[in-house]
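See below for the structure under consideration.
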Amino acid sequence: MSDRTAAAAPLLKLRGLEQVFDTKKGPVAAVGGVDLEVRAGKVLCLVGESGCGKTTTARAAAGITRPTAGAVEFRGKPLADMTAGERTAYRRAVQYIHQDPYAALNPTRTVASTLTAGLKRHGLVKNRAEARAKAAELLRLVDLTPPESYLDSYPHQLSGGQRQRVNVARSLAMDPELLICDESTSMLDVSIRVSLLNTLGRLRDDLDVGFLFITHDLAVAKYFAWDGEIAVMYLGKVVEHGPTPEVIGNPQHPYTKALIGAVCEPDPDLARANQAAEQLRSAEIPSLTDLPAGCAFHPRCPAYEPGLCDAAEPALERTGAGGRRVACHVVARGRRTDDRTLTLDAVPGSRRPAPTGAADDPNQTTGAAWSA
Amino acid sequence: MSDPILSVRDLAIAYRTGRKESVTAVSGVDLDLYEGQSLALVGESGCGKTTLGLGLLRLLPGLGEITSGSLTYRLKDGGRADLLKMKKEQLRRFRWNEAAMVFQGAMNAFNPVIRIGDHFADTLRDHSDGRRWTKAAVEARAGELLETVRLDPDRVLQSYPHELSGGMKQRALIALAIALDPQVLVLDEPTTALDLLTQRSIVQQLHELRKKFGFTMVFITHDLGLAAELADRVATMYAGRVIETGSARDIFHGPKHPYTAGLINAVMPVKGERPALESIPGYPPSLKAMPEGCAFNPRCAFASDECRRSRVELELLTERPLAMDHAVACRHHDQVRFQRKQKENANV
């Protein structure tokens, strides 16, 4: 990938994105202030447990819902300010691949009919023959070959993996610049999942498509977003964000560490060793309607320190080089005690938490040990 | 060690698809399971693992039918019984007392309009032989079980299923399955559809429960990481047959069937470097159009003309006690080289 694309403006920019839903129990902030970017040919992976706001973020990014605060910008233009024509172009450029390959296809349409509907709607093909040829080409792109044996099939005649490939092919019909994949591989079998991810990776590299990729599976995130970035979300906020090899190889936030530690490796010897791993203080996620004070993760966090973590909400701060951002008091304090003399690079828009007494106490080294 | 607790011989299960038509979902399964073992049935969707699991308790849905074979259990009183010869009333007493099932999809396994407490009462009363369960006795037993899975009995027993999270439901379901202290527990995809950290806590609790109650476990999963975590033994299924079986170490450290090796190689590691993974080409066959010969041959790199003509039975590779033998149904097993790099595991 060239420097040109890296230097160019991001394809998609989420700026202070908030999505508050009104419920009977009062307003629920499903997404509470998310700042992220996706660049052409790059992958941004959102990971987290159910209810952490990753799908809500994706839906707002796709323009399906209107955020209650903040903005979604596509090629530097806020979605809210787009003219009707710009919005049509945006809708073509950004495509969404759903989680469930069984529900996302109309059961009464053949594959050819599904694939050509968008083409016809946007006037991209002149006649039937051309539409069919284009559909065949799309099927080849997603490795459904020979296309002739799939074009006239109905969804019920296809397996889950084949259906998900048809979904991908449909989204590619519009020559998208950005694909938003919402758990698009989670319902597939392992072997099928790898081959679909390999196909998607080829699209990313050959067609320079940017990806906002949502998954709860860190191994999938690692595999697909190795050259990209991972943002770990917890209860509507990003708690750790950075280049994939760093986040996976050297996680800083206790939540990221817990997620990585919870992955089962296919090796009984490792699994035995894993049983001794540190446990969370609670397995249950707090409700969004009743968020804990301070850091939302503190009731489950193994590094929890009373008085520090339950007092104020930690800010998502840049830590060290390499563009890593972490929202954790303990990590932040460890860093400050470690290199108090170093000037922290100023990050535009980042807030420093109020200095705590603990930061000046040289005996308090838990944070340093934890982040080491 | 005495007899196996469960012996399956030449089991075949078919689903009726029409007046005179049926498809065979499981065939030729032989299994011996000894007390306290935990066996993982692994394979892709549609390989027959759930059908086999349901078959072990004769819980097949209406159109499913065990067409041949035998299923012999050693009962709590030391006697032996062939499940296939049991009458309805005997089956009722057998299920939950001797063997129980945790169904797939904790989300939907409870009746949504019945409180969790009443599920316990119904199960205990229906499947107990002769024992009367008073309200207090039900509450005491259910409370004890829920506490072992770290749920608050006062809250959970009064709750309707929708008031609990997925992880809580799954734990309640496991507690319900072991309510009558069965010897064998069959779990169908016990962690699928749960969050990662919830999965981890379920795994931890299954370990604790096994230690405490000592039941024998058969669990069905497509997640090889989970199998490595929970199983002493693994049986890989493909197109309705067991194609490789062995101890967890044999299977995960040296799989001999190209399909098992492919499955393990397709698991994405979270630790270490990012390897380039290979997938198994193609898709599993339809039960209606099974390929001639070895069912895996269209997807297999080693397939020869012989494989396309006929399949082979399980061949013993390494003999081990308590039915932990490593056996594989592949004539090219000596060509399978397992390549999962050990290096990337070194820095764990």
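The values are calculated or read from the model by the stated rules, or taken from the named source; none is laboratory data. Predicted model, so just to flag it, every value in this text is computed and none were measured. Every residue, glycine as well, gets a Cβ built from its backbone with ideal geometry; the counts of neighbours run over all protein chains shown. Just so you know, the surface numbers come from the protein's heavy atoms only, side chains and all, with ligands and any DNA or RNA stripped out. Shrake-Rupley method; radii C 1.70, N 1.55, O 1.52, S 1.80 Å.
What to note about this one:
- Flag for residue B:259 being outside any loop (DSSP other than H, G, I, E, B), closer than 23 Å to residue A:196 by Cα and within 11 Å of another protein chain (Cβ to nearest Cβ): yes
- Out of B:304, B:286, sole residue that is more than 7 Å from chain A (Cβ to nearest Cβ), of a type in the set (Gly, Ala, Ser) and under 27 Å from the mean Cα position of the chain (by Cα): B:286
- Considering region A:226-237, the residues that are aliphatic (A, V, I, L, M) and either under 10 Å from the mean Cα position of the chain (by Cα) or not assigned by TED's automatic domain parsing to the domain that holds residue A:185 (or both) include one that is farthest from residue A:195 (Cα to Cα), namely A:233.
- Region B:291-300 - residue that is surrounded by 15 or more Cβ atoms within 10 Å (Cβ to Cβ) and farther than 13 Å from residue B:44 by Cα and, of those, farthest from the other protein chains (Cβ to nearest Cβ): B:293
- Residue check: residue B:280 meets all listed conditions (1) crowded, with 24+ Cβ neighbours inside 10 Å; (2) within 12 Å of chain A (Cβ to nearest Cβ); (3) not in a loop (DSSP other than H, G, I, E, B) but one, namely (3).
- In the set (1) under 14 Å from the mean Cα position of the chain (by Cα); (2) buried (at least 20 other Cβ atoms within 10 Å of the Cβ), the condition left unmet by residue B:232 is number (2).
- Check on residue B:225, open to solvent by less than 10 Å² (accessible area, probe 1.4 Å), at pLDDT 90 or above and of a type in the set (Gly, Ala, Ser): no
- Candidates B:126, B:154 - the one that is assigned to a helix (DSSP H, G or I), touching a helix residue (DSSP H, G or I) at 6+ places or on another chain (Cβ under 9 Å) and under 25 Å from residue B:99 (Cβ atoms): B:126
- Extreme residue, nearest to residue A:223 (Cα to Cα), among residues of region A:10-51 that are in a strand (DSSP E or B) and charged (D, E, K, R): A:37
- Failed condition for residue B:250, given (1) of a type in the set (D, E, K, R); (2) crowded, with 24+ Cβ neighbours inside 10 Å; (3) in a helix (DSSP H, G or I): (2)
- Of all residues in region A:150-165, those being more than 14 Å from residue A:200 (Cβ to Cβ), open to solvent by less than 80 Å² (accessible area, probe 1.4 Å) and either at pLDDT 90 or above or not small (Gly, Ala, Ser) (or both) number 7.
- Single residue of B:217, B:268 found to be free of Cβ contacts under 8 Å to residues at least 60 places away in the same chain and farther than 27 Å from residue B:310 by Cα: B:268
- So residue A:286, is it closer than 29 Å to residue A:21 by Cα, open to solvent by less than 50 Å² (accessible area, probe 1.4 Å) and either assigned to a helix (DSSP H, G or I) or at pLDDT 75 or above (or both): yes
- Counting only strands (runs of 3 or more DSSP E) wholly contained in region A:167-272, the ones carrying 2 or more residues that are within 12 Å of chain B (Cβ to nearest Cβ) occupy A:229-234.
- Flag if residue A:311 is modelled with pLDDT of 80 or more, farther than 17 Å from residue A:234 by Cβ and more than 8 Å from every other protein chain (Cβ to nearest Cβ): yes
- Any hit, region B:145-160, residues being under 26 Å from the mean Cα position of the chain (by Cα), under 21 Å from residue B:56 (Cβ atoms) and open to solvent by 30 Å² or more (accessible area, probe 1.4 Å): no
- Members of region B:110-140 that are within 29 Å of residue B:5 (Cα to Cα) and open to solvent by 40 Å² or more (accessible area, probe 1.4 Å): B:122, B:125, B:126, B:129, B:130, B:131, B:132
- Within region A:32-66, the set of residues being charged (D, E, K, R) and either more than 14 Å from chain B (Cβ to nearest Cβ) or open to solvent by less than 10 Å² (accessible area, probe 1.4 Å) (or both) comprises A:35, A:37, A:39, A:42, A:49, A:59, A:66.
- For region B:180-222, a residue qualifies if it is open to solvent by 10 Å² or more (accessible area, probe 1.4 Å), more than 14 Å from chain A (Cβ to nearest Cβ) and among the polar types (S, T, N, Q), and exactly one does: B:183.
- Test set (1) away from every other protein chain (no Cβ under 12 Å); (2) surrounded by 24 or more Cβ atoms within 10 Å (Cβ to Cβ) - residue A:292 fails condition number: (2)
- Only one of B:91, B:41, B:52, B:31 that is surrounded by fewer than 21 Cβ atoms within 10 Å (Cβ to Cβ) and within 27 Å of residue B:179 (Cβ to Cβ): B:91
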